[in-house]
1. Given 0.36 nm per residue, what is the gain on full extension from residue A:405 to residue A:243 after removing their alpha carbon distance, in nm?
2. Note the angle between two axes, namely the Cα long axis of helix A:3-14 and the longest principal axis of the Cα atoms of chain A, as a number of degrees from 0 to 90, rounded to the nearest 10.
3. Given the C-alpha centroids of the stretch A:103-152 and the stretch B:50-74, what is the distance between them in whole angstrom?
4. With 10 angstrom as the radius, rank B:26, A:391, B:41, B:47 by how many other C-beta atoms surround their C-beta, starting from the fewest.
5. Under the definition of partner shielding as Cβ atoms of other protein chains within 10 Å of a residue Cβ, what is the mean value for peptide A:311-324?
6. Using 0.36 nm times the number of residues separating residue A:42 and residue A:100, minus their current alpha carbon distance, what extension gain do you get?
7. Using the basic label-point model (7 angstrom from Cα toward the beta carbon), what is the residue A:336 to residue A:352 distance in nanometres?
8. Compute a Gaussian network model of chain A, connecting alpha carbons closer than 10 Å, and tell me which residue from A:45, A:219, A:86 fluctuates the most.
């Protein structure tokens, strides 16, 4: 990462230091150069399990962080493993069986970017083998597995981070700071959605590889839209509301892509949080008009986090002369009402809002989360609330699936509070 | 092609009209700031609007002067016609 980028990020985060208690990972990101580690070279050596599309992207980011070496890669699908070798220019030791990789003693951490159903076993095996772990979201396929992971982390004391990168996104950090300061007043509702228009399929060279490559579409391996997309957004809701939901109800269906898939292509949920705050969530893959967004609705304003914008309920006044011109224009050209309407529709307020953060370009949040993982390893520091965030977000997403599956309101399960 | 010569008194006259338009636009900005209670910084930040309004007002004076000139020409023409018929 460039020095200039590091400096501006550090300065930005230092300005938010009063929030260090609720966002402890900020202090880690703001740290000056962490002292040399255990080895003179201070190189952090990592192993990557799962070097498909996401794993490859993580590797490219890791290669841009100074003093990080991808020492080992692992994948049981040869085309992906070969891609991984190319990215590392054959310098990483290649494995087909991850357990063999975990036997390497000179690794400082393991990155896991495999299909969801493998997260729990691999994370637990890696921590038990003495490795620090960064695992992609969702934490696990099932709720009880999330709990197992947290328990093993407590037993082993290893550093564990789950790939919820919005926690490291500077726009989101700034937005949460403004919300905590009361800029949009009391948050009473959050609406979030993620819409795409594609079949979510990848090319399968042989039919027998269908489930291996298109694992996202099968319940045995994937929680579908909620674990692949929704988890990120319910994590944001939990973060802003500083809580997990009390209950959830909703529906889901395969109403468009009827191609043999098992996971829903359309989901709609309502999460109920303490004090009666609702988070309304929906996701679909047959229309992309509205894309993705998290709308935070307060009594004094609204935030759209993906757009990075804030809208006051009472927009700031227009400059005087423009106001005057506008008034004159209305006086000359408006029609004179004889009998007024008894009701005016509550159409959206047309107001462009302001940017939450002026700084541009933003450092990539995935790069920042990996940088934080590397720093955690160097400093040998845990970020406790990170696990809490990951656990609650993962369970929140999985609970939504459970509500859809049961077609009933599901309460937050007992024994799932950290 | 014939050279077009604009006499200096005409240039001075047009500049005076333009200056007057600018003063009116500037005062409009001051009036708007006071009546809508907005920031005095708008004297600077809204300067571009003042320039646009100046252009608009100057354009308006041209239109008005053209109309007045047209009316004068019509009256002159009518007077000439009437004079001819009396003789």
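1. Stretched out fully, the residue A:405 to residue A:243 stretch lengthens by 55.9 nm.
2. That helix lies at roughly 60 degrees to the long axis.
3. So the separation of the two Cα centres works out to 78 Å.
4. Going from least to most buried by this count: B:41, B:47, B:26, A:391.
5. 5
6. Additional length available on full extension: 18.4 nm.
7. Here the answer is 3.6 nm between the modelled labels.
8. Of the options given, A:86 has the highest mean-square fluctuation.
Readers should treat all values here as calculations from the given coordinates under stated rules, not as data from a laboratory. Quick caveat: nothing in here was measured; it's all calculated off a predicted structure. Backbone-built Cβ (ideal geometry, glycine too); neighbour counts: all protein chains shown.
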